[in-house]
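Novice: Below is one structure. I have some questions about it.
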Amino acid sequence: MTSDELAKLLEPTVEGLGYELSDLQAKIGGQNGLLRLFIDKADGVSLEDCEKVSLAVSALLDVEDPLPGQYNLEVSSPGADRTLTKLAHFERFTGETVKVQMRFPIEGRRRFRGKLVSADEENIVVEVDGDSHTLARATIETARLAP
């Protein structure tokens, strides 16, 4: 099962509890597998929130059994340097400083750190040292807030 398929399976449970599934990391296989969920809500995430989501997701995973082998489940908040993966993330943090790493060089560089000016389904615009750079979302390797 891919990370996207897994996110689609888990998202209704997480959202049903009142949280956003902000990001998901899965390293499954062997004896040291890891499934890490990052949850968010408007007023922040507490340890109790993480426990609540962990119990519900664990029960779902026990019933659905979508992953082979053994793995640990971790639930956490995305933190101050959160990963931006969805259009809603980019829209929410427009005006903030971001660090973007591209899959391949654009305009002779792979890394951009600057103000997130705008975002749409296809592109984001980052202003670096007064110059605007339009970056295709499909070619972004990682994008994070830079607090």
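The values are calculated or read from the model by the stated rules, or taken from the named source; none is laboratory data. All values derive from a computational prediction rather than experimental measurement. Cβ sites come from the backbone with ideal geometry, for glycine too, and all protein chains shown count toward neighbours.
Novice: Might you let me know whether region 40-63 holds any residue that is in a strand (DSSP E or B) and either more than 30 Å from Ser132 (Cβ to Cβ) or not small (Gly, Ala, Ser) (or both)? Before you say what the answer is, go through the steps one by one.
Specialist: Going through region 40-63, the residues in a strand (DSSP E or B) turn out to be 40.
Okay, now just the ones that are also either more than 30 Å from Ser132 (Cβ to Cβ) or not small (Gly, Ala, Ser) (or both), so 40.
There is at least one residue in region 40-63 that is in a strand (DSSP E or B) and either more than 30 Å from Ser132 (Cβ to Cβ) or not small (Gly, Ala, Ser) (or both).
Rundown of residues vs (1) farther than 21 Å from Asp65 by Cα; (2) out of contact with any His (no Cβ under 6 Å at 6 or more places or on another chain); (3) modelled with pLDDT of 90 or more, yes/no style:
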position	(1), (2), (3)
Ser3	no, yes, no
Pro12	no, yes, yes
Asn32	no, yes, no
Leu35	no, yes, yes
Asp43	yes, yes, no
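Novice: Also, quick follow-up: Assess whether Glu64 counts as being exposed (fewer than 14 other Cβ atoms within 10 Å of the Cβ) and free of Cβ contacts under 8 Å to residues at least 60 places away in the same chain. Break it down stepwise before answering.
Specialist: Values: exposed (fewer than 14 other Cβ atoms within 10 Å of the Cβ): yes; free of Cβ contacts under 8 Å to residues at least 60 places away in the same chain: yes.
For Glu64, the condition - exposed (fewer than 14 other Cβ atoms within 10 Å of the Cβ) and free of Cβ contacts under 8 Å to residues at least 60 places away in the same chain - is met.
Novice: Taking region 68-105 as the search range and keeping residues that are of a type in the set (A, V, I, L, M) and buried (at least 17 other Cβ atoms within 10 Å of the Cβ), which one is nearest to Leu37 (Cα to Cα)? Give the steps one after another, and end with the answer.
Specialist: Quick first cut of region 68-105, residues of a type in the set (A, V, I, L, M) only: 73, 75, 80, 84, 87-88, 98, 100, 102.
Narrowing the set further to residues that are buried (at least 17 other Cβ atoms within 10 Å of the Cβ) leaves 75, 84, 98, 100, 102.
Working: Val75: 5, Leu84: 14, Val98: 21, Val100: 21, Met102: 23 Å.
Filtering first and then ranking leaves Val75.
Novice: Still on this model: Considering each residue of region 122-147, count those that are within 14 Å of Arg109 (Cα to Cα), buried (at least 17 other Cβ atoms within 10 Å of the Cβ) and more than 15 Å from the chain's Cα centre (by Cα), and give that number.
Specialist: Total satisfying the criteria: 3.
Novice: Sort out which residues of region 30-49 are surrounded by fewer than 18 Cβ atoms within 10 Å (Cβ to Cβ) and on the phi < 0 side of the Ramachandran plot, and write them in order of number.
Specialist: Initial filter on region 30-49 (surrounded by fewer than 18 Cβ atoms within 10 Å (Cβ to Cβ)): 30-34, 36, 41-44, 46-48.
Selection gives Gln31, Asn32, Gly33, Leu34, Arg36, Lys41, Ala42, Asp43, Ser46, Leu47, Glu48.
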